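Here is the structure we will look at.
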Amino acid sequence: MYRFAKAAANLGGQAVRQVRHGSTAPQNFHSKYGMGVLVSGAVFCSTVWGYVLTQTGIVWNLSPVNRLSPKPWRGVEE
């Protein structure tokens, strides 16, 4: 177990050094296009939800507080 923990700490230290000094490895897909994919996904999602909320006419069943009034009580019919 000690060897595993020591190796894990060593790998963690190497990763920190690479991030701090900049990696020499070529950029991968996420570092090249990650922010663009994230932003375009957020814009697409916002656009679709904006359309759904404003144009489709869905009734969202909001709270009926202060919108409904009880019917008058009817006495027992004799």
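The values are calculated or read from the model by the stated rules, or taken from the named source; none is laboratory data. The model shown is predicted, which means the values in this text are computed figures rather than measured ones. In this analysis, Cβ positions are derived from the backbone assuming ideal geometry, glycine residues included, and neighbour counts consider all displayed protein chains.
The figures follow:
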read-out	value
Residue in segment 13-24 that is surrounded by fewer than 10 Cβ atoms within 10 Å (Cβ to Cβ), at pLDDT 85 or above and out of contact with any strand residue (DSSP E or B) (no Cβ under 8 Å at 6 or more places or on another chain) present	no
Segment 40-67, subset part of a helix (DSSP H, G or I) and among the aromatic types (Phe, Trp, Tyr), residue modelled with the highest pLDDT	PHE44
Meets criteria (surrounded by 10 or more Cβ atoms within 10 Å (Cβ to Cβ) and aromatic (Phe, Trp, Tyr)) for TRP73	no
